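Every number in this text was worked out from the coordinates using simple rules, so none of it is lab data. No experiment lies behind these values; they were computed from the predicted model shown. Here Cβ is always computed from backbone atoms with ideal geometry, including for glycine, and neighbour counts include all displayed protein chains.
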């Protein structure tokens, strides 16, 4: 998808299969200790479209003359996506990236030195969009991350009644091993195809904080027009 100034966190109501964490409802060095990684930003920045050999949703958009528009909450005609706030998490407030549809951050003591986050991005695609192609290309972004190591094979799933793809793994961010989990949801609308991505970001050692949150998000998120 479009390379908005990004957070390592965010592509979508994330029920990601992280070694048994997450669920389906019918929308990338040795790991440092938390204490060794200081972060002043609540939502850690990274390139959302890292260069690499794997085709991505972004390359599909560019190659097929498709127009992509960022969608903000309340934009006319866009889907209304209600994301729950899991226990121990809070809205990111002023730390929400300007391009994000929404973001939450973990507020427990484990976040003292690095803050886990889940960020939602919603895009409107107009033109010759093949919804299945979006699903098929969804894993490419994470697979292109430096040092990417998948924690599962990735799988097609759903968020509510909408088709989705979910994948999780670890990657190398300037020598620090981070965990990222991403769920990409395709939402056909009356005038366009909307793509929701939820991205979860944490240090590898904080992985246990992400699973329960993604289960809540997957179970309680609603999408409507």
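Tell me, 178, 124 in order of fewest to most beta-carbon neighbours within 10 Å? Numbers along the way, then the final one.
Working: 178 29, 124 20.
The fewest-first ordering by Cβ neighbours comes to 124, 178.
For the range 34-224, the share of DSSP beta bridges that are antiparallel, to the nearest 5, is 100%. The modelled label-to-label distance between residue 70 and residue 149, using points 7 Å beyond Cα along the C-beta direction, is 3.4 nm.
Counted by neighbouring Cβ atoms within 10 Å, the residues 83, 121 run from fewest to most as 83, 121.
Geometric descriptor of the range 34-224, per residue, is 113 Å³ (volume of the convex hull of the Cα atoms).
In terms of surrounding Cβ atoms within a 10 Å radius of their Cβ, 170, 184, 115 rank from fewest to most as 170, 115, 184.
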